[in-house]
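J.: Sending over a structure as structure tokens; questions will come in a sec.
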Amino acid sequence: MRPCISALAAVFCGWTLVFGIPAHAVTPPLQTQNTTLRQLVLKRPGFYIGSAVDYQALVSNPSYKAILQQQFNQLTPENAMKWGAIHQSPDTYNFTQADNLVEFAIQNKMRVRGHTLVWYKNIPDWVVKGNYNRDQLMAILKNHIQTVVSHFKGKVAEWDVVNEAIEPNGNGLRDCLWTQVIGPEYIALAFQWAHEADPDALLFYNDYNTEDLGPKSVTQYNLLKNLLLAHIPVNGVGLQMHQKTKIPYSISIMSGNMRRLSDLNLRIAVTEMDVSITEPVGEDYSTKLQKQASNYGNALSACLGNKACTSFTVWGFSDAYTWQPENQPAIYSASMQPKPAYQKLYDILYNYIDN
Ligand code: XIL
């Protein structure tokens, strides 16, 4: 029997269970009617279901806050820990929003993924336009990483240390400030500096379009393999999984990619899953929603199928608070109603048996 997830469904499920007794008499108490995603993942010890959190939404929208508390046991600040948010001028760090999010997580028994320490985007002008030489930029990067990681020591379980360092076509490292001034070794240095600041934090490399077996994913695999061969403290790989309904990914392809990564002894996290509703234009909306659900479900199934995959995070849970609102990529609608994608994740977790 399908789980009863809404109050209405609970009434009918109750009716079928004890035929002859008025349904209202067997409706479970409110707090036990709805099992939530965060309750279901408890079946898999050490596994977390997360969402990126939009700070403004959290402080202004009570239903956003309630769903976050009920459904997720991990959060990633969507923007509040990025360089531009925290470190606007050379000697000024502002941790207010990030601290508030971490405090919210502690209050609600949620784990925190820190995002992100080194990225080619969201770098303030004082860094980009400072004309620093190699030694100076290394000192700036080291100071940034170590100040931020030390600040959250013991509170942030894992960090996306380096984000999106590979060229979109998979052809080597991205040409950016860090490679231009420091060189490709900025990646290894970043992991070493982060590790020095918090030896207990798990350190991840995070990127997009690297969940399949294509060229970018191969470059990512080789990058990680070489870092590990050089004894760089990398603990895991974050597969962002910003997907589109027009491109279905099979469980077997994602599993194959995850297997080669876990064979390197790396942890795996699905870190930024969303599925943009895209062409074909004529397709009816319910078909698009089913395709969206299927992409989410395949990613979760691949993740659950690999013991090294330790968390599954959506990049915003509502179409009202997403970086791509025009594509309705989330698991809840803009009016905060669960979409088929939510139901798919629910069903997979509901039927999951840990072994
Ligand atoms: C995005 C946020 O969602 C937006 O609000 C912001 O304007 C830009 O960054 N990959 C990442 C995330 O690693 O940090 C990005 O987040 C989305 C793509």
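The values are calculated or read from the model by the stated rules, or taken from the named source; none is laboratory data. Predicted, not measured: the structure shown is a model, and the values here were computed from it. Cβ sites come from the backbone with ideal geometry, for glycine too, and all protein chains shown count toward neighbours. Keep in mind that these areas ignore ligands, DNA and RNA; they rest on the heavy atoms of the full protein, side chains included. Shrake-Rupley method; radii C 1.70, N 1.55, O 1.52, S 1.80 Å.
J.: Taking K339 as meeting all but one of (1) open to solvent by 10 Å² or more (accessible area, probe 1.4 Å); (2) closer than 30 Å to Y221 by Cβ, write down the number of the exception.
T.: K339 satisfies all of (1) open to solvent by 10 Å² or more (accessible area, probe 1.4 Å); (2) closer than 30 Å to Y221 by Cβ except (2).
J.: Something else about it: For L345, work out the one condition from (1) open to solvent by less than 10 Å² (accessible area, probe 1.4 Å); (2) more than 20 Å from L68 (Cβ to Cβ) it doesn't fulfil.
T.: Condition not satisfied by L345: (2).
J.: Something else now. Taking the stated definitions as given, is E283 under 24 Å from E78 (Cα atoms) and not aliphatic (A, V, I, L, M)?
T.: no
J.: Right, next: Across region 46-85, what is the total count of residues that are touching a helix residue (DSSP H, G or I) at 6+ places or on another chain (Cβ under 6 Å) and either of a type in the set (F, W, Y) or more than 13 Å from the ligand (Cβ to nearest atom) (or both)?
T.: 10
J.: Where in region 122-229 are there helices (runs of 4 or more DSSP H), lying fully within it, with 2 or more residues that are within 16 Å of the ligand (Cβ to nearest atom), surrounded by fewer than 19 Cβ atoms within 10 Å (Cβ to Cβ) and modelled with pLDDT under 95?
T.: Here the list is empty.
J.: Another one. N73 - would you say it is within 22 Å of A330 (Cα to Cα) and of a type in the set (S, T, N, Q)?
T.: Yes; evaluated as a whole, the condition is true for this residue.
J.: Please list, ordered by first then second residue, the pairs with beta carbon atoms under 8 Å, 6 or more apart or interchain, first in region 269-290 and without any contact (Cβ under 8 Å) to a residue 40 or more places away in the chain, second in a loop (DSSP other than H, G, I, E, B) and more than 16 Å from the ligand (Cβ to nearest atom).
T.: E279/K246; P280/K246
J.: Search region 271-298 for residues being among the hydrophobic types (A, V, I, L, M, F, W, C) and surrounded by fewer than 23 Cβ atoms within 10 Å (Cβ to Cβ), and hand back the single one that is farthest from F317 (Cα to Cα).
T.: The extreme case among them is V281.
J.: Quick one: count up the residues across region 239-263 that are more than 18 Å from the chain's Cα centre (by Cα) and open to solvent by 40 Å² or more (accessible area, probe 1.4 Å).
T.: Residues in region 239-263 being more than 18 Å from the chain's Cα centre (by Cα) and open to solvent by 40 Å² or more (accessible area, probe 1.4 Å): 10 in total.
J.: Between residues in region 68-92 that are of a type in the set (S, T, Y) and residues that are outside any strand (DSSP E or B), which pairs lie under 9 Å by C-beta distance while being six or more apart or on different chains?
T.: Hits for this filter: T76/W315; S89/P124; S89/W126.
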